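What follows is a set of notes on a single structure, which appears directly below.
The values are calculated or read from the model by the stated rules, or taken from the named source; none is laboratory data. Here the structure is a predicted model, which means the values were calculated and not measured. Backbone-built Cβ (ideal geometry, glycine too); neighbour counts: all protein chains shown. Heavy atoms of the whole protein, side chains included, go into the accessibility calculation; ligands, DNA and RNA do not. Shrake-Rupley method; radii C 1.70, N 1.55, O 1.52, S 1.80 Å.
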Amino acid sequence: MRNCKICQNDFSQKLTLAFIVSFKPYEKQQICRNCREQFEVIQASTACEGCGRDQENQKCCPDCKKWRLIYPSYDFQNQALFVYNDFMKESIKNYKFNGDYQLRTVFQTALKKKIETIYFDYLVVIPVDSETMSSRGFNQVCGLLTMKHSHFVKRNDTVKEKQSHKNRHQRLELVQPFTLSSDCPDLTDKVVLVVDDIYTTGRTLFYAIDLLASRAKCVKSITLAR
Ligand SMILES: [Zn+2]
Ligand SMILES: [Zn+2]
């Protein structure tokens, strides 16, 4: 018996004969079947080719069409693992805001597997601002990663401060919130994979991509949820 990392209920992992004869490596499950089934895995065959959202086909979704007008030169391809449904929302909220740090190991495994299928030279984390960092105590994206990653995209903290004094219309105007750190490596001929927890409007990722695209050979991105 094991304890589910989400609902805390006890569960057992049954080994089926089909699994045993498949010779696949045994993987210890961390959450119960009931919880697992509430996460909707996004299939590549039915994900938007631009943002990776779950839909009927791979065609560019209306959101991505708008982004392509703003950034016509990008070959924007985001991959997302799970649908940002209510269960995912609640799970991420518990992880980010209630400090449920146990939960991160559930996402770590899934994210690691996906990242291993993507070619890149640098894995770059979307930073949190210093205010969030001091109240939360951790960068939620770093907490999801078990592999080497870089922090050369920094948040420009003065932007957020200035932004809060503006009205909504002014805020929607483009103000790059990120900057590259002085120790940023030479990205010529390098493939950068940007990682974030959630893709909602795409705004955050596009800022980071905009910053990196002129320096790197290629910029890709991956998010836990879309
Ligand atoms: Zn459970
Ligand atoms: Zn899309």
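Only Lys, Arg, Asp and Glu count, each charged at its Cβ (+1, +1, -1, -1), so figure out the dipole size of the chain about its Cα centre, rounded to 20 debye.
The dipole of the chain has a size of about 200 debye.
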Practice prompt. Mind ranking Arg33, Arg155 by accessible surface for me, highest first, 1.4 Å probe?
Written response: Arg33, Arg155
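Nearest-5 percent of antiparallel DSSP beta bridges in the chain?
30 percent
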Worksheet, complete the sentence: Residue separation between Lys217 and Gln77 times 0.36 nm, minus their alpha-carbon distance, gives in nm 49.0 nm
Fill in: Rounded to the nearest 10 Å², the accessible area of Ser182 at probe 1.4 Å
130 Å²
Discussion item. For the chain, take the longest principal axis of its alpha carbons; what is the angle in degrees between that and the long axis of helix 104-115, to the nearest 10 within 0 to 90?
Written reply: 70 degrees
Item to complete: Convert each backbone phi in region 47-56 into a coupling constant with the Karplus relation 6.51 cos²θ - 1.76 cosθ + 1.60 (shift: θ = phi - 60°), then list the ³J(HN,Hα) values in order as whole Hz, x for Gly and Pro.
Response: 10, 4, 5, x, 10, x, 6, 6, 8, 7
Worksheet entry | Accessible solvent surface per residue of the chain, calculated while the other protein chains remain in place, 1.4 angstrom probe, Å² | 58 Å²
Practice prompt. Per residue of region 182-196, in order, report the coupling 6.51 cos²θ - 1.76 cosθ + 1.60 (Karplus, θ = phi - 60°) as ³J(HN,Hα) in whole Hz, putting x for Gly and Pro.
Written response: 5, 8, 4, x, 5, 9, 4, 6, 10, 9, 10, 10, 8, 10, 9
Item to complete: Kindly write out, for region 211-217 in residue order, the coupling ³J(HN,Hα) from the Karplus curve 6.51 cos²θ - 1.76 cosθ + 1.60 (θ = phi - 60°), rounded to whole Hz, with x marking Gly and Pro.
Response: 5, 8, 4, 6, 9, 9, 5
Fill in: Built amide H within the under 5 Å cut-off of Ser150, gap 5+
Leu123, Val124, Val125
Response to the item:
Residues whose built amide H sits under 5 Å from the amide H of Cys7, excluding neighbours closer than 5 in sequence, are Cys32
Discussion item. Ordering Met1, Met88, Met147 by accessible area with a probe of 1.4 Å, largest first, what comes out?
Written reply: Met1, Met147, Met88
Worksheet item: Looking at Ile70, Ile209, Met133, which one has the Cα that reaches farthest to the positive end of the dipole of region 46-225 (charges on Cβ: Lys, Arg +1; Asp, Glu -1)?
Response: Ile70
Worksheet entry | Estimated FRET transfer efficiency (Lys66, Asp210; beta-carbon r; R0 25 Å; 0.05) | 0.95
Fill in: Nitroxide proxy distance, nm - points 7 Å out along Cα→Cβ at Asp100 and Thr179
3.7 nm
Item to complete: Provide Rg over Rh for the chain; use the alpha carbon set for both Rg and the Kirkwood Rh (inverse mean inverse pair distance).
Response: 0.99
Worksheet item: Which far-off residues, 5 or more places away or on another chain, put their amide H under 5 Å from the one on Ala80, with H placed in the peptide plane?
Response: Thr223
Fill in: Nearest-10 value in Å² for the accessible area of Ile92, using the 1.4 Å probe
10 Å²
Worksheet item: When the accessible area of the chain is split by element with a 1.4 Å probe, what percent falls to carbon and sulfur?
Response: 51 percent
Discussion item. Quick check: with the 1.4 Å probe, what order do Tyr74, Tyr199 take by accessible area, largest first?
Written reply: Tyr74, Tyr199
